[in-house]
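The values are calculated or read from the model by the stated rules, or taken from the named source; none is laboratory data. Nothing here was measured: the structure is a model prediction, and the numbers come from that model. Please note: Cβ atoms are built from the backbone with ideal geometry, for glycine as well, and neighbour counts cover all protein chains shown.
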Amino acid sequence: MKLSVIIPVYNSEKTITPLVEKLQTTLSAIEFEIVMVNDASRDDSEQVCRHLAQMYANVRFISLRRNYGEFNAVMCGLNWSYGEYCVMIDDDFQNPPEEILKLIDTAEKGDFDVVYTYYAKKQHSVGRNLGSRFVNWLTSYLLNKPKDLYLSSFKLIRKEVVQEVIKYQGPYPYIDGLIFRITRNIGTVQVEHLKREEGISNYTWQKLISLFLNILFCYSSLPIRLFMPIGLGLFGLGFLLLLFLTIQWVTGPDPKGWQVVTATIIFIGGIQCTLLSVLGEYIGKSFMAQSGQPQYVIKFNSGKVL
């Protein structure tokens, strides 16, 4: 099968039907499937999706028992996809289905593992745009992502990369973080972004904070490693203060008691932070070993025995 279109569904009873119908007409020239994953919508999305799955032979519908979040719903869809390429598209119709063909064309011409989209003009709210910029800034430092690469939810992933992504079995998947563990062979293509016609955005600041904590603690060892420069800095400052106070004690006048206590606390605190960072490195290495990060991912193997 050429293509799998993954749609995480949440409170989209008014948009999911026209989206599926548009996909059927737009992608009629290729063999494709649609995998809808209902993330415990509170409206009639489940019934609408059930009806669509009965109408179309190439539509698969999966309903989750409770709300797990967009990334978890996408991971579920990836686990049940069979296409050579997988495209994730939102259920709000802000990404025109016609643009999927651009992603496939870009992937095939550039032989890319992943193709991200970017927009000339985003039709999101100011808060949503600020949140997206913050997440992109954060991932640039924590995941070593190119700063000019926009991590959009509308993207294409080659099947071989999908098979590596779904090896992650933890409860806190971050699709882009998993992608950057596997490949850096990434392309981009500009697509159109439309205004939302129905409903309101499911984006909230609570979700942004949850994503921030997920990226920070599940896909990076930076918080642990921050103890090293802090510890060394405190150790150096405490050492210099104690050295100065020792010289002052020898040459006079005698240093005050609070000065000695303060310098001693800073010095000992620096030693503790440094030792804590060393311990943290062991914990971080153990965490990354248990997080499902592969040792390597083979792109091509000739099959020759060397």
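In this structure, F154 qualifies as of a type outside the set (S, T, N, Q) and modelled with pLDDT of 90 or more.
Kindly indicate whether S45 is closer than 18 Å to F154 by Cβ, touching a Ser or Thr at 6+ places or on another chain (Cβ under 7 Å), in the same structural domain as P171 (by TED's automatic domain parsing) and crowded, with 21+ Cβ neighbours inside 10 Å. Taking the combined requirement at face value, the residue does not satisfy it. Among residues of the stretch 54-69 that are within 30 Å of N214 (Cβ to Cβ), those with a beta-carbon under 9 Å from a residue that is modelled with pLDDT of 95 or more and of a type in the set (D, E, K, R) at least six positions away or on a different chain give the pairs R60/E33.
Only one of the numbered conditions (1) assigned to a helix (DSSP H, G or I); (2) farther than 30 Å from L226 by Cα; (3) among the charged types (D, E, K, R) is not met by E281, and that is (2). Out of curiosity, is A29 in a helix (DSSP H, G or I) and either out of contact with any Ser or Thr (no Cβ under 9 Å at 6 or more places or on another chain) or at pLDDT below 95 (or both)? Criteria not met by A29.
For the stretch 54-73, a residue qualifies if it is under 16 Å from P18 (Cα atoms) and over 29 Å from the mean Cα position of the chain (by Cα), and the qualifying residues are Q54, M55, Y56.
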